[in-house]
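Report on one structure; see the data block that follows.
The values are calculated or read from the model by the stated rules, or taken from the named source; none is laboratory data. Nothing here was measured: the structure is a model prediction, and the numbers come from that model. Counting neighbours? That spans all protein chains shown, and the Cβs are built from the backbone with ideal geometry, glycine included. For accessibility, only protein heavy atoms count, side chains too; no ligands or nucleic acids. Shrake-Rupley method; radii C 1.70, N 1.55, O 1.52, S 1.80 Å.
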Amino acid sequence: MQNFEYYSPCKIVFGKGAENQVAKELLCYGAKRVLLVFGGGSVRKSGLLQRMEENLDAAGIAHASFGGAKPNPVVSHAREGVQKARSFQSDFILAVGGGSAIDTAKAIAHGAANPETDIWEFWLKKVPLTRSLPVGAVLTIPAAGSETSDSAVLTNEETGEKRGLSTDFNVPKLAFMDPELTFTLSDFQVTCGITDILMHTLDRYFTHTKNNELTDAIAEAVLRTAFKNGAIAAKDHHNYEAMSELMWCGSISHNRMTGLGAQTDFSTHKLGHELSARFDVAHGASLSAVWGSWAKAVYREEPERFACYGERVWGIQKSTPEEAAVAAIDATVAYFQRIHAPVCFTELGIGVQTDETLHALAHACTSKTGGKTGFFKRLSEEDVYEIYRAANH
């Protein structure tokens, strides 16, 4: 186990009607002027946003609304939110929705607290982030885990870059998690949420760090639980118990607990980010589309690790680690297919790409990190190109 620091100040209110406690908790936090951040019209159509507004009105908390967060949040929209928060003199930013709304809220909080700095400067890591406004989340989609994580992702549509920012200032102060709020999701949203949850854990699990027993056990439990309940939810996302387990898995998968004490990889996320930046595809779908190709490209670095995953998560036992590793990869890809998650570019909806595009994607993926990416296997630009090529059908 490696040295680590862990900071998680988020208070979680979980269960049926959790969102009804928003005003009470905000009063305890001292919030007086709240900016509500949300995505499309779903929170309005469902009546959730109106209930939040009425909840705040009853408590005497002033509020303003800022909608339009996109599935791949963009910096230009977040900049508009910064101006809205500043003009309203917000002292608390409350996201109502999924990861896109929450990441947008985090960006707005950073910008509102630092009016002298453009928020993209923080994502470029040109300016250190030393203060922010507090953020809370009313979660409607079990997926990104942003409601408890220290990360946030933005896309700069002008430059075509998609970047993540990890900082303690990204950890929300409050998270309200009612599984019943997920019942209005589409089949595709549920599927993308399942793959996102799994990938946040898998990208941490595949490491060369040894003797990290408790963290490994937590990750394996999250994976087993997410695989089992994801299969149920994919068929019936009105199943309260299955959605409850998925919602909690999503939070645990990305609050760093499944990778504490280990060197984590996150190559799949970087590969997927380039796809969603270029083609504006759903984040979870971009991950499942390349994971199998990534796994087949790297498992020989330590087949025993993949064999361990296969045995502890899938119950796979083979005569050699190599056979077990391949079987574990195949089982995972088959699961994605079973829940109708894409496993190649055609299924992702972007079609077969030209060789020129594949090279451009590979260059973009590695250029941000000095020409190589990942840690389970250090991937060169050519390695990344080959992974994209394997998924290009």
When you go through (1) touching a residue at least 60 places away in the same chain (Cβ under 8 Å); (2) open to solvent by 10 Å² or more (accessible area, probe 1.4 Å); (3) over 22 Å from residue 233 (Cβ atoms); (4) in contact with a helix residue (DSSP H, G or I) (Cβ under 6 Å, 6 or more places away or on another chain) one by one for residue 271, which number turns out not to apply?
-> (2)
Is it true that residue 142 is under 18 Å from the mean Cα position of the chain (by Cα), part of a loop (DSSP other than H, G, I, E, B) and modelled with pLDDT of 95 or more?
-> no
For residue 170, which of the numbered conditions (1) surrounded by fewer than 22 Cβ atoms within 10 Å (Cβ to Cβ); (2) under 17 Å from the mean Cα position of the chain (by Cα) fails to hold?
-> (1)
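Tell me which residues, restricted to segment 345-356, are farther than 17 Å from residue 283 by Cβ and touching a residue at least 40 places away in the same chain (Cβ under 8 Å).
Restricting attention to segment 345-356, the residues satisfying the condition of being farther than 17 Å from residue 283 by Cβ are 346, 351-356.
Of everything in segment 345-356, those that are farther than 17 Å from residue 283 by Cβ and touching a residue at least 40 places away in the same chain (Cβ under 8 Å) turn out to be 346, 352.
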For segment 25-33, does any single residue satisfy the condition of being surrounded by fewer than 19 Cβ atoms within 10 Å (Cβ to Cβ), at pLDDT 95 or above and within 19 Å of residue 147 (Cα to Cα)?
-> yes
Mind checking whether some residue in segment 248-258 is within 26 Å of residue 350 (Cα to Cα) and touching a residue at least 60 places away in the same chain (Cβ under 8 Å)?
-> no
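Name the helices (runs of 4 or more DSSP H) wholly inside segment 312-393 in which the number of residues that are more than 17 Å from residue 275 (Cα to Cα) and open to solvent by 60 Å² or more (accessible area, probe 1.4 Å) is 3 or more. Working first, answer last.
Numbers: elements: 321-338, 345-348, 355-367, 381-391.
Counting at least 3 such residues, we get 321-338.
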Checked segment 1-50 for anything within 19 Å of residue 171 (Cα to Cα), in a helix (DSSP H, G or I) and β-branched (Val, Ile, Thr); matches are 22
So which residues in segment 37-76 are surrounded by fewer than 17 Cβ atoms within 10 Å (Cβ to Cβ) and touching a Pro at 6+ places or on another chain (Cβ under 8 Å)?
-> none
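Mind listing whichever residues of segment 86-103 are farther than 21 Å from residue 23 by Cα and in contact (Cβ under 8 Å) with a residue 40 or more places away in the chain? Before you say what the answer is, go through the steps one by one.
Initially, segment 86-103 is screened for residues farther than 21 Å from residue 23 by Cα, giving 86-87, 99-100, 103.
The answer is 99, 100, 103.
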Of the conditions (1) exposed (fewer than 13 other Cβ atoms within 10 Å of the Cβ); (2) under 24 Å from the mean Cα position of the chain (by Cα); (3) at pLDDT 95 or above, residue 79 fails just one. Which one is it?
-> (1)
Is segment 240-248 home to any residue that is assigned to a helix (DSSP H, G or I), aromatic (Phe, Trp, Tyr) and over 21 Å from residue 314 (Cα atoms)?
-> yes
Exactly one of 111, 98, 160 is crowded, with 17+ Cβ neighbours inside 10 Å and modelled with pLDDT under 95, and that residue is 98
Taking residue 122, is it of a type in the set (Phe, Trp, Tyr) and over 28 Å from residue 259 (Cβ atoms)?
-> no
Odd one out for residue 264 among (1) within 13 Å of residue 200 (Cβ to Cβ); (2) open to solvent by 10 Å² or more (accessible area, probe 1.4 Å); (3) assigned to a helix (DSSP H, G or I) | (3)
Restricting segment 5-16 to residues that are open to solvent by 60 Å² or more (accessible area, probe 1.4 Å) and out of contact with any Ser or Thr (no Cβ under 9 Å at 6 or more places or on another chain), the residue that is modelled with the lowest pLDDT = 7
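I'd like to know if segment 309-322 contains one or more residues that are charged (D, E, K, R), touching a residue at least 12 places away in the same chain (Cβ under 8 Å) and under 22 Å from residue 212 (Cβ atoms). Show your work before the answer.
Filtering segment 309-322 down to residues charged (D, E, K, R) leaves 311-312, 318, 322.
From what is left, the residues that are touching a residue at least 12 places away in the same chain (Cβ under 8 Å) are 311-312, 322.
Still in the running and under 22 Å from residue 212 (Cβ atoms): 311-312.
Yes, the conditions are met somewhere in segment 309-322.
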